[in-house]
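Reviewing the structure listed below.
The values are calculated or read from the model by the stated rules, or taken from the named source; none is laboratory data. Computed from a prediction, not measured in an experiment: that's the story for all the values here. Neighbour counts are summed over all protein chains in view; Cβ atoms, including those assigned to glycine, are modelled from backbone coordinates with ideal geometry. Quick note on the areas: whole protein, heavy atoms, side chains included, nothing else; ligands and nucleic acids left out. Shrake-Rupley method; radii C 1.70, N 1.55, O 1.52, S 1.80 Å.
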Amino acid sequence: MQKIEVVPKLETRASEAHKGDFGKVCIIAGSFGMSGAAALSGRSALRSGAGLVRVATPKSIIPIVASIEPSFTTIPLSEDTKGRISAKAINTILEIINDNDILAIGPGLGTSRDLRSIIEVLIEQENLKLVIDADGLNNLAAIKNWSEKLKANLILTPHPGEMKRLWSGLFREPLPNERLDQAIQFAQKTNTTIVLKGAGTIVTDNEKYYINTTGNPGMATAGSGDVLTGVITALLGQKMSNFDAAVLGVYIHGLAGDIAAEKLGQISMITTDIIENLSFAFKNTQ
């Protein structure tokens, strides 16, 4: 297993480039009371260079999500009685797959049988590049033997609690004590790219791993993970590999947090401060 220490960079944009060159991405997110998660992930994807960002969310919260950021478009999805995306949305979601380069799912979704059925359909789509985060992971963990059904190209971004649930949902052997071992073994067993979040976030696939060097405790605030989802999704849309998009994503996300902490201090940081400093983080790495 090769340790990677050099962070990849995006290529310089051609002078004749247009928005289609930088990816059409869609983030499936949000539920009643969790409109912010959808908007945060969409905004961070925009700030991370995606050419076109769409946010697919329950139809009742569309006005809230759309009002937060005018630069992404929204797609209304059918919802259940609790304001979560329902299984009736699956045909719309399949159309979304055909009309976008990259999909992400998870921020603010909630958990339900319907959401599990949607995620099960998504992971069975060949050649789909899919980022799963937050409640997307909690729904995934409840799908029996999901790794045997997997055809999509997955990046999973668990925090330690989500990793524990994912592991116990698939394997009988105990979760290794060391975070690096957890990430490497899970990636190898499932043939996925893993972003195990925390101090020194670990990125790994079947061949290599990276331990992040940016970030600070001020980033331990609600919505920070939603921002990371948007960053990684946007980088995939710009044709980076799964591993490179994840490595640059966690590095940029942490660096934006470091810049915000320098300006504001760690105590007062909120998630939008990370988004507002993504541009400075990208500028400092080019």
ask   = Is it the case that segment 218-228 has a residue that's under 22 Å from Glu5 (Cα atoms), crowded, with 20+ Cβ neighbours inside 10 Å and not aromatic (Phe, Trp, Tyr)?
value = yes
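Go through segment 260-286 and give me each residue that's touching an Asp or Glu at 6+ places or on another chain (Cβ under 9 Å) and not hydroxyl-bearing (Ser, Thr, Tyr). Let's see the steps before the verdict.
We begin by selecting, within segment 260-286, every residue touching an Asp or Glu at 6+ places or on another chain (Cβ under 9 Å); these are 260-261, 263-264, 271, 277, 281.
Correct list: Ala260, Ala261, Lys263, Leu264, Asn277, Ala281.
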task = Could you check segment 33-115 for strands (runs of 3 or more DSSP E) lying wholly inside it with 2 or more residues that are farther than 27 Å from Ile143 by Cα, open to solvent by 10 Å² or more (accessible area, probe 1.4 Å) and of a type in the set (A, V, I, L, M)?
result = none
query = Residues of segment 124-148 being touching a helix residue (DSSP H, G or I) at 6+ places or on another chain (Cβ under 8 Å), within 20 Å of Asn91 (Cα to Cα) and either surrounded by 20 or more Cβ atoms within 10 Å (Cβ to Cβ) or among the charged types (D, E, K, R) (or both), which ones?
reply = Glu124, Lys129, Leu130, Val131, Ile132, Gly136, Asn139, Leu140
message = Just checking, does segment 227-237 include any residue being of a type in the set (Gly, Ala, Ser), under 15 Å from Leu10 (Cβ atoms) and either under 14 Å from the mean Cα position of the chain (by Cα) or not in a loop (DSSP other than H, G, I, E, B) (or both)?
response = yes
query = Taking the stated definitions as given, is Ala29 at pLDDT 95 or above, under 25 Å from Glu124 (Cβ atoms) and aliphatic (A, V, I, L, M)?
reply = yes
request  = Determine if segment 201-217 includes at least one residue that is of a type outside the set (Phe, Trp, Tyr), open to solvent by 20 Å² or more (accessible area, probe 1.4 Å), assigned to a loop (DSSP other than H, G, I, E, B) and modelled with pLDDT under 95.
outcome  = yes
key: The one condition in (1) open to solvent by 30 Å² or more (accessible area, probe 1.4 Å); (2) assigned to a helix (DSSP H, G or I); (3) touching a helix residue (DSSP H, G or I) at 6+ places or on another chain (Cβ under 6 Å) that Thr272 fails to fulfil   = (3)
query = Hey, among the residues in segment 42-100 that are more than 20 Å from the chain's Cα centre (by Cα) and of a type in the set (Ser, Thr, Tyr), which one's nearest to Ser31 (Cα to Cα)?
reply = Ser60
inquiry  = I'd like to verify a number: residues in segment 173-198 that are open to solvent by 20 Å² or more (accessible area, probe 1.4 Å) and either out of contact with any helix residue (DSSP H, G or I) (no Cβ under 8 Å at 6 or more places or on another chain) or basic (Lys, Arg) (or both), how many?
reply    = 12
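Here's a check for you: in segment 149-172, which residue that is assigned to a loop (DSSP other than H, G, I, E, B) and touching a helix residue (DSSP H, G or I) at 6+ places or on another chain (Cβ under 8 Å) is surrounded by the fewest Cβ atoms within 10 Å (Cβ to Cβ)?
Pass one, segment 149-172, residues assigned to a loop (DSSP other than H, G, I, E, B): 150-152, 157-159, 171-172.
If we keep only those that are touching a helix residue (DSSP H, G or I) at 6+ places or on another chain (Cβ under 8 Å) too, we end up with 150-152, 157-159, 171.
On the way: Leu150: 16, Lys151: 12, Ala152: 19, Thr157: 28, Pro158: 27, His159: 16, Phe171: 14.
The extreme case among them is Lys151.
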message = Looking at (1) open to solvent by 10 Å² or more (accessible area, probe 1.4 Å); (2) in a helix (DSSP H, G or I); (3) not aliphatic (A, V, I, L, M), which one does Ser15 not meet, given that it meets all the others?
response = (2)
